[in-house]
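The values are calculated or read from the model by the stated rules, or taken from the named source; none is laboratory data. In this text, all values refer to a predicted model and were calculated from it rather than measured experimentally. Here Cβ is always computed from backbone atoms with ideal geometry, including for glycine, and neighbour counts include all displayed protein chains. Note: areas computed on protein heavy atoms with side chains; ligands, DNA, RNA excluded. Shrake-Rupley method; radii C 1.70, N 1.55, O 1.52, S 1.80 Å.
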Amino acid sequence: MTAPTATKIRVLIAKPGLDGHDRGAKVVARALRDGGCEVIYTGIRQTPEMIAEAALQEDVDVVGLSILSGAHLELFPRVVAELKKRGVDDVLLFCGGIIPDEDTKPLEDLGFSAIFRPGTNTQDIVKFVYEHVTK
Amino acid sequence: MDDLVQRFLNGERRALARIISRVENETPEGREYLRALFPHSGKTHTIGITGGAGSGKSTLTGALAAEYRRRGKTVGIAAVDPSSPFTHGAILGDRIRMQDLALDPGVFVRSMAGRGALGGLAPAIDEVVSIMDAFGFDYVVIETVGAGQDEVEIAGTALTTILVNNPGTGDDIQALKAGIIEIADILVVNKADHPGADVLVSQLQALLSLAPKGSRRPPILKTTATRGEGMDALADAIAAHRVELETTGQLEKHRAEDARHQVLSIARAILLEKIRQATPEHELQALVDRVAARQLDPHSAAEELAAAVEQSEPRAIKRRV
């Protein structure tokens with residue numbers, strides 16, 4: 001717990017693509033809120049452009065993507081490309097959802113620092129954010 | 001620092017976002033940015049949107065911004081949501097209602113956490129609005145935290161304050177009470193497609209007719225923000241209010257009062273910080289314990305704290321020499 005006016009870690013939680021299963025994203029947003037972060041939640045059905053633009057305007061430290069549709073290898077590279085296009089090149093990236101083990105390597109190569117699959121303890125996500133963001 | 005200021009002045013949105021963060025966090029660097037950019041501010045029309053939780057403030061903000069875009073104007077939005085009083089974390093969800101504007105280069109949305117400030121605003125709201133103003137937006141819309149009956153601070157910050165009401169949320173006695181309803185320059189009955197909208201409009205009209213002769217009667221407008229209905233009339237009413245402010249001399253008065261308020265509230269924060277620095281934490285705790293044990297009254301304790309600043313100041317100078 002930090003002082004109310006101290007510099008806060010800002011996290012964008014977004015759901016790219018067309019699946020509407022947002023419970024995971026909401027649980028993670030809530031856990032980060034309880035961990036003292038300021039969490040911008042943008043809701044479902046976000047395009048890569050919308051996510052990158054929100055990350056820019058909100059000047060977040062962390063972007064967390066949730067996806068359950070299986071389209072992560074199509075959509076995540078586009079999110080990363082849109083972020084780069086806007087000069088947002090210093091955010092911590094993580095993702096979660098239904099992501100097969102064999103996709104771990106391509107996502108790591110893309111710049112994702114962690115993948116949180118179903119069954120993850122939310123405290124591990126909070127710990128991950130605090131360990132990787134220096135403020 | 002100069003590089004970021006230059007990029008800001010060139011209209012680069014990432015520079016705007018970064019400077020807002022530094023200003024919002026009230027860092028010494030942030031104060032430097034504010035100093036550099038403040039001379040560029042003072043041109044925008046600030047609009048405050050307030051009302052209860054779930055009254056449709058975010059949707060209305062988005063719909064109003066869309067109307068301004070149709071009119072060829074640019075809009076900065078500062079949307080405040082509450083911070084947890086326990087963990088100081090926050091969920092900032094106002095963007096969800098403004099998706100249509102997500103990729104519009106003439107709109108910039110910034111979510112802010114309340115960080116314990118009173119009045120449904122954020123501690124650095126004035127500063128962030130000044131930065132958006134300096135960036136050159138035609139309008140800066142400030143959306144407050146869901147407000148109850150008494151969050152009137154928005155009227156000091158915004159030139160035009162809009163109070164969002166909904167049908168079915170109380171009888172005409174609610175509208176008769178003092179407080180937030182008095183600060184509204186424009187009254188909006190949002191969710192006008194719900195039953196009871198016309199009843200609420202007549203209740204508000206009846207209330208306004210009780211005001212003393214010659215006092216200003218805010219217009220009452222019906223909107224259905226989810227469908228963008230009523231936005232044309234709302235934008236017109238805001239423009240009319242602006243003309244009214246200019247012709248009655250209220251504009252200068254508002255700006256002078258806002259400046260006075262900002263200076264005094266910053267001075268208060270500086271003094272409080274000095275008090276905290278002049279008294280070590282264990283001494284403060286000891287003093288507070290005596291108050292909690294009813295050995296000392298709070299007023300005397302506070303005077304002791306304030307006196308410590310006066311004593312510590314000459315000491316601090318000596319130490320530096």
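Some notes on this structure:
- Degrees, to the nearest 10: B:281-292 long Cα axis against longest axis of chain B: 70
- Accessible area, probe 1.4 Å, largest first, for residues A:Lys8, B:Lys274: B:Lys274, A:Lys8
- Reach of A:Lys84 by Cα under 23 Å, taken over lysines that are not fewer than 8 positions away in the same chain: A:Lys15, A:Lys105, A:Lys135
- Cross-link partners for A:Lys85 among the aspartates and glutamates, with Cα-Cα distance under 19 Å and sequence neighbours closer than 8 places in the same chain left out: A:Glu49, A:Glu53, A:Glu58, A:Asp59, A:Asp61, A:Glu74, A:Asp109, B:Glu12, B:Asp104.
- Pairs of Lys residues in the stretch B:42-250 are counted when their Cα atoms are under 16 angstrom apart and they lie 8 or more places apart or on different chains; the count is 4.
- Cβ-Cβ distance of B:Arg70 and B:Asp193, R₀ of 25 Å, FRET efficiency by 1/(1 + (r/R0)^6): the value works out to about 0.70.
- Looking at chain B, the DSSP beta bridges with both ends there are about 5 percent antiparallel.
- Per-residue shielding of A:31-44, expressed as the average number of other chain Cβ atoms within 10 Å of the residue Cβ, stands at 6.
- Summarising the label geometry, the points placed 7 Å from Cα in the beta-carbon direction at A:Leu18 and B:Ala233 lie 3.9 nm from one another.
- Burial ranking of peptide ranges A:85-96, B:208-219 (average Cβ count within 10 Å, highest at the top): A:85-96, B:208-219
- Gyration tensor (alpha-carbon) shape descriptor, the stretch B:42-250, a/c threshold 1.5: rounded
- Apportionment of accessible area to carbon and sulfur, the stretch B:257-312, percent (1.4 Å): 58
- The residues neighbouring B:Leu305, those whose beta-carbon lies less than 11 Å from its own, together hold a net charge of -2 under the Lys/Arg +1, Asp/Glu -1 convention.
- For the stretch B:74-90, a reduction of at least 20 Å² in accessible area between the chain on its own and the assembled protein chains (probe 1.4 Å) is found at B:Phe86, B:Thr87, B:His88, B:Gly89, B:Ala90.
- Accessible area buried by the pairing of A and B, both sides summed with a 1.4 Å probe, works out to roughly 2800 Å².
- Spatial separation of Cα centroids for the stretch B:187-217 and the stretch B:27-99, in angstrom: 26
- For the stretch B:1-101, the set of trypsin sites (Lys or Arg not before Pro) satisfying both a DSSP loop assignment and a count of at most 16 other C-beta atoms within 10 Å is given as B:Lys43, B:Arg71, B:Lys73.
- Mean partner shielding of peptide B:111-119, defined as the number of other chain Cβ atoms within 10 Å of each residue Cβ, is 4.
- Rounded if a/c under 1.5, otherwise prolate or oblate - the protein assembly as shown, Cα gyration tensor axes: oblate
- Peptide packing for B:261-269, B:151-159 was compared via the average number of neighbouring C-beta atoms within 10 Å per residue; ordered from the highest value, the list is B:151-159, B:261-269.
- Heavy atoms of B:Asp198 accessible to a 1.4 Å probe, total area in Å² rounded to 10: 100
- For the stretch B:1-76, the Cβ-based charge dipole about the Cα centre amounts to some 420 debye (Lys, Arg positive; Asp, Glu negative; other atoms uncharged).
- Per residue value of the accessible surface for the protein assembly as shown (all protein chains in place, 1.4 Å probe), Å²: 48
- Efficiency of FRET from Cβ geometry, B:Gln6 and B:Asp138, R₀ 30 Å, rounded to 0.05: 0.85
- In this view, the solvent-accessible surface of B:Phe8, computed with a 1.4 Å probe and all protein chains in place, comes to about 0 Å².
- Accessible surface of the stretch B:16-107, 1.4 Å probe, proportion on carbon and sulfur as whole %: 55
- Carbon and sulfur %, accessible surface of chain A computed with the full protein complex present, 1.4 Å: 53
- Mean Cβ count within 10 Å, highest first, over the residues of peptides A:99-105, B:163-169: B:163-169, A:99-105
- Positions from the stretch B:1-48 whose accessible area shrinks by 20 Å² or more when the full protein complex is built, not the chain alone, probe 1.4 Å: B:Arg13, B:Arg14, B:Ala17, B:Arg18, B:Ser21, B:Asn25
- Value of relative contact order over the stretch B:1-154, rounded to a whole percent, pairs C-alpha under 8 Å and six or more apart: 34
- Mean residue ellipticity, 222 nm, helices only, the protein assembly as shown: the sum of -39500 (n - 2.57) across DSSP H runs of n ≥ 4, divided by residue count and rounded to 500, is -15000 deg cm²/dmol.
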